Amino acid sequence: MESVEFGMGIRRPGFNVFALGSTGSGRHELIEDFLTQQAANEPIPSDWCYVYNFEDSYRPLALELPAGQGIIFGQDMKEMIDELRTVLPATFETEEYRIRRQAVEARLREHQESAYSELQEEARRRHLDLLRTPSGLVFAPVDENNEVIEPESFQKLHEAEKDRIRSDIAEMQTRLQAVLQQVPDWEREVRKNLSALQEEVAHFTVDPILGRLLEKYAEMADVVRYLTAVQADILQNIDRFIQIEGSETAAGAPETAAASRGDDLRRLSRYQVNLLVDRSHLSGAPVVYEDNPAYGNLVGRVEYMTRMGGMDTDFTLIRAGALHRANGGYLMIDARRLLLEPYAWEGLKRALRSDQIRIETPGQMLSQVNVITLEPQPIPLDVKIALVGDRSLYYMLSQNDPDFEELFKVAADFEDHADRTPAFQQLYAHLIATMAQERNLRPLDRESTARVVDEGARMAADAHKLSMRVNVIADLLQEADYWAARNGVEVIRLAHIEQALAAQEYRSGRIPERSREAILQGTIHIATDGAAVGQINGLSVLDLGKIRFGQPSRITARVRMGRGEVVGIEREVALSGQIHSKGVLILASFLSSRYATDYPLSLHASLVFEQSYGGVDGDSASSTELYALLSALAAVPIRQSLAVTGSVDQFGNVQAIGGVNEKIEGFFAICQARGLNGEQGVLIPQANVRNLMLRRPVIDAVSAGKFQIYPVSTIDQGIELLTGLTAGQPDEAGEYPEGTINRRVQDRLRDFARRWFAFHRPGGEQVAVGR
């Protein structure tokens with residue numbers, strides 16, 4: 001927690017935190033509680049909005065506003081647009097505007113009428129008339145009564161007259177064409193004048209309304225620039241507001257009217273405010289936990305909608321990511337979930353390296369997509385990240401990602417266990433009570449609390465430690481509360497804790513039961529009485545998800561004269577792991593250094609886990625295999641009522657192993673099913689005594705003398721218990737006393753050496769080996 005406090009407190013680039021530890025250790029709750037308390041005293045960061053970019057519609061602008069002002073600004077813009085939609089159409093329906101508009105339009109008519117009148121007068125003077133036909137305006141000759149001369153009459157005229165008429169018509173047609181060419185210029189001038197009139201009139205309406213907002217947000221330069229651009233755009237697009245009011249009655253069918261109104265409203269969506277991050281509800285800096293750290297959920301995304309058979313988007317469809325929501329505060333992410341999401345890890349690193357949040361698709365980030373889409377303006381990033389993951393992920397990232405240690409410089413390594421001191425044990429009891437209270441569980445009495453503390457020590461596999469896997473403890477409390485409710489009591493008692501533990505074992509007990517059943521039925525041969533040479537009961541632990549149980553294994557050893565090889569049959573058939581193979585090689589080293597320092601080890605020994613059909617790994621059976629070897633070499637039987645666990649070094653010291661409680665309980669269950677007689681028991685390393693946190697049936701049986709647990713420190717101690725014979729200590733010459741186990745082994749190995757030399761010496765002569 002000091003590491004977390006340091007990492008969250010130092011405001012320097014790259015000092016983000018990776019909280020590593022075991023699952024269920026409560027890291028998430030601890031960090032979240034710490035951050036919540038720290039964030040409460042820190043200032044609330046700014047709101048962020050996206051607005052339309054009037055210069056480049058594909059690059060929306062990001063606006064920063066004080067906390068809580070974003071929603072107010074958005075409402076102000078909405079009210080402004082609603083007011084303009086009402087006021088502007090009314091402004092352009094006033095009598096003054098109508099008169100001024102008509103005056104502008106009248107000037108166009110005056111130009112046209114004046115030009116056409118002049119043409120008409122000139123035409124009459126030349127006995128021509130201007131006619132409107134389907135093919136356009138044309139001139140035609142007329143008589144004294146202004147009647148158009150028919151073609152037959154025209155043909156009867158003198159040629160000179162006809163030539164004059166043709167000449168006049170051509171000249172007038174040229175003058176008409178010149179007038180018609182001037183019409184677009186006159187119309188353009190009128191439109192320009194009308195636009196200027198609209199803008200002039202609109203200024204009287206728009207300026208006061210926008211002026212209020214400009215005054216309100218005068219201290220925010222970016223907002224002022226945006227409002228100024230809004231004002232200019234509205235004045236340039238007055239028709240958008242006028243058409244909206246007219247469209248409500250312009251359409252015929254209701255469906256058509258609704259569609260038309262929708263199109264008109266979309267034209268005004270450019271004036272909306274997309275409130276990306278709203279801090280109005282906060283009282284301090286934000287603390288965000290992103291449960292689904294997909295790329296889009298992390299850095300934000302641009303959504304699309306179907307419109308007229310295609311995909312369309314705009315700045316109002318930009319959505320915030322966790323980085324936006326946590327900006328100015330703290331963000332917690334599960335490291336495993338983050339790494340499982342495509343591109344999410346790279347997106348997070350890119351944001352941290354650049355100190356800004358850039359919303360883009362993964363294809364854009366990787367420069368693989370050239371589709372035109374929005375490119376929102378990046379937002380500055382100021383956030384502290386806390387990744388929560390297990391140790392393997394932390395070391396993997398440290399080794400394989402060069403960016404990791406630059407971006408996550410603080411490691412908070414949460415301890416799995418704590419020392420079981422009286423003071424901490426009292427705190428642990430308070431923790432149990434707190435978890436019960438927070439989850440609305442029944443209170444625990446003293447005995448049940450003490451039992452949960454003991455279970456914490458068992459989870460730690462150490463009588464002097466307590467497990468910090470608080471989630472598992474919380475599950476146990478909830479199950480005990482269930483049984484207390486079933487029994488109709490208001491306090492969780494010791495019986496309810498025991499009932500919950502028994503129920504847990506029962507629910508996951510199918511495979512252990514099948515394993516014990518195979519032994520009890522004789523399918524798998526495990527002896528729990530009598531004695532046998534070169535055969536011993538080993539103990540192993542099986543981990544199957546949440547299921548962890550011990551079971552005995554029959555280990556046998558056979559010896560003969562050979563080249564000094566100790567062969568593990570599992571290793572020969574690739575069923576042995578590297579650690580187990582290492583343990584077998586240690587056995588050969590032990591035999592050579594203890595018994596054959598003056599002559600070659602002329603031994604071939606084979607070791608095997610009988611009826612084992614899967615892989616074998618670990619060195620916890622190496623002492624067990626050595627006992628079987630010594631029994632086979634000395635030809636001394638081993639008590640089958642005992643089982644053994646423990647690793648061994650080259651000097652014969654028995655070393656600690658894991659899973660000692662489960663191993664003892666696994667062998668005890670077999671012995672109990674066959675009947676306890678006081679002779680059964682297990683040999684464990686002396687170093688594992690502190691790890692003993694056995695279930696109550698085993699403790700009761702040991703207390704009653706029906707089951708034995710023997711801690712041993714050396715191979716000599718163990719072999720004496722297993723055979724009932726003295727191991728023996730060497731004299732100055734390295735010789736062991738007659739009748740001891742070590743002497744029998746020594747003599748057997750010497751005999752192998754003599755026969756080996758005799759077998760390989762020419763003539764088969766005997767060679768003296770040792771005494």
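The values are calculated or read from the model by the stated rules, or taken from the named source; none is laboratory data. Predicted model, so just to flag it, every value in this text is computed and none were measured. Neighbour counts are summed over all protein chains in view; Cβ atoms, including those assigned to glycine, are modelled from backbone coordinates with ideal geometry. Heavy atoms of the whole protein, side chains included, go into the accessibility calculation; ligands, DNA and RNA do not. Shrake-Rupley method; radii C 1.70, N 1.55, O 1.52, S 1.80 Å.
Over the heavy atoms of ARG548, what accessible area does a 1.4 Å probe trace out, to the nearest 10 Å²?
Only protein atoms counted, so the area is about 110 Å².
Starting from the Cα gyration tensor of segment 525-646, take the square roots of the eigenvalues, sort them a ≥ b ≥ c, and report rounded, prolate or oblate (rounded when a/c is under 1.5, otherwise prolate if a/b is larger than b/c, else oblate). Numbers along the way, then the final one.
Values: a/c = 2.13, a/b = 1.40, b/c = 1.53.
Note, shape of segment 525-646 comes out oblate.
Classify segment 378-431 as rounded, prolate or oblate, taking a ≥ b ≥ c as the square roots of the eigenvalues of its Cα gyration tensor: rounded when a/c is under 1.5, otherwise prolate if a/b is larger than b/c and oblate if not.
Details: a/c = 4.36, a/b = 2.00, b/c = 2.18.
Taking the square roots of the gyration eigenvalues as a ≥ b ≥ c, segment 378-431 is oblate.
What whole-number value in Å² describes the accessible area per residue of the chain for a 1.4 Å probe?
Spelled out: the 1.4 Å probe surface of the chain, per residue, equals 51 Å².
Pull out a ≥ b ≥ c, the square roots of the eigenvalues of the alpha-carbon gyration tensor of segment 627-683, then state rounded if a/c is under 1.5, prolate if not and a/b is larger than b/c, and oblate in the remaining case. Mind showing how you got there, number by number?
Details: a/c = 3.39, a/b = 1.30, b/c = 2.62.
In terms of gyration-tensor shape, oblate.
Principal axis lengths of segment 667-708 from Cα atoms, whole Å, largest first?
29, 18, 16
Just one of (i) 31.4, 107; (ii) 26.8, 84; (iii) 47.8, 165 is Rg and Dmax of the Cα atoms in Å as worked out from the coordinates here. Which one is it?
From the options (i) 31.4, 107; (ii) 26.8, 84; (iii) 47.8, 165, the structure gives (iii).
Can you find, among ILE71, PRO208, ILE709, the residue sitting farthest towards the positive end of the charge dipole of the chain, where Lys and Arg contribute +1 and Asp and Glu -1 at Cβ?
ILE709
Which of the listed residues, SER280, GLY329, SER57, is farthest toward the dipole's positive end in the chain, when Lys, Arg count +1 and Asp, Glu count -1 at the beta-carbon?
Highest projection toward the positive end goes to GLY329.
Expressed in whole Å with the largest first, what are the equivalent ellipsoid semi-axes of segment 7-70 derived from the C-alpha gyration tensor as the square root of 5 times each eigenvalue? Numbers along the way, then the final one.
Working: eigenvalues 252, 51, 30 Å².
Semi-axes from the Cα gyration tensor: 36, 16, 12 Å.
About its Cα centre, how strong a charge dipole does the chain have in debye, to the nearest 20, once Lys and Arg get +1 and Asp and Glu get -1 at the Cβ? Provide the component values of the computation, followed by the final result.
Values: 83 positive and 110 negative charges, 905 e Å.
Taking the Cα centre of the chain as origin, the dipole is about 4340 debye.
Using the Cα atoms of segment 662-763, I'd like the radius of gyration and the largest Cα-Cα distance, Dmax, both in angstrom.
19.8, 67
Can you grab the distance from the C-alpha centre of segment 56-70 to the C-alpha centre of segment 700-758, Å, no decimals?
What the calculation gives is 84 Å, centre to centre.
Please report, as a whole percent, how much of the solvent-accessible surface of the chain comes from carbon and sulfur atoms (probe radius 1.4 Å). Before the final figure, lay out each step's value.
On the way: 19520 of 39310 Å².
Accessible surface attributable to carbon and sulfur in the chain totals 50 percent.
Looking at PHE34, GLY309, TYR627, which one has the Cα that reaches farthest to the positive end of the dipole of the chain (charges on Cβ: Lys, Arg +1; Asp, Glu -1)?
After comparing all options, I get TYR627.
Would you check the accessible area of THR434, probe 1.4 Å, heavy atoms only, in square angstrom rounded to 10?
Counting only protein heavy atoms, the figure is 60 Å².
Order the following by accessible area, largest value first: LEU61, LEU427. Probe radius 1.4 Å; ligands, DNA and RNA are ignored.
Numbers: LEU61 60, LEU427 105 Å².
Descending accessible area places them as LEU427, LEU61.
How large is the helix-only mean residue ellipticity at 222 nm for the chain, computed as the sum of -39500 (n - 2.57) over DSSP H runs with n ≥ 4, divided by its residue count, in deg cm²/dmol to the nearest 500? Write down the numbers at each step before the final one.
On the way: 28 runs with 389 residues, N = 771.
Using -39500 (n - 2.57) per qualifying helix, the result is -16000 deg cm²/dmol.
Determine the order of LEU30, LEU676 by accessible area, beginning with the largest, at a probe radius of 1.4 Å. Provide the component values of the computation, followed by the final result.
Working: LEU30 80, LEU676 55 Å².
From most accessible down to least: LEU30, LEU676.
Considering only DSSP beta bridges where both residues belong to the chain, give the percentage that are antiparallel (nearest 5).
Numbers: 49 of 82 bridges.
Among the beta bridges of the chain, antiparallel pairing accounts for roughly 60 percent.
About the Cα centre, and with charges only on the beta carbon of Lys, Arg (+1) and Asp, Glu (-1), how big is the dipole of segment 560-713? Nearest 20 debye, please.
Working: 12 positive and 13 negative charges, 65 e Å.
Value, rounded to 20: 320 debye.
Heads up, I need the accessible area for LYS409: 1.4 angstrom probe, whole protein in place, Å², nearest 10.
Approximately 100 Å² for this residue.
Using modelled backbone amide H atoms (1.01 Å from N, in-plane), which distant-in-sequence or interchain residues come within less than 5 Å of THR714's amide H?
VAL654
Which order do ASP617, ASP716 take when ranked by solvent-accessible area (1.4 Å probe, heavy atoms of all protein chains), largest first?
These residues rank, largest area first, as ASP617, ASP716.
Under the Kirkwood approximation for Rh and a Cα-based Rg, what ratio Rg/Rh is obtained for segment 392-521?
Rounded to two decimals, Rg over Rh is 1.12.
If you place +1 on the Cβ of every Lys and Arg, -1 on the Cβ of every Asp and Glu, and leave all else neutral, what size is the dipole of segment 593-662 about its Cα centre, to the nearest 20 Debye?
Dipole about the Cα centre, nearest 20: 240 debye.
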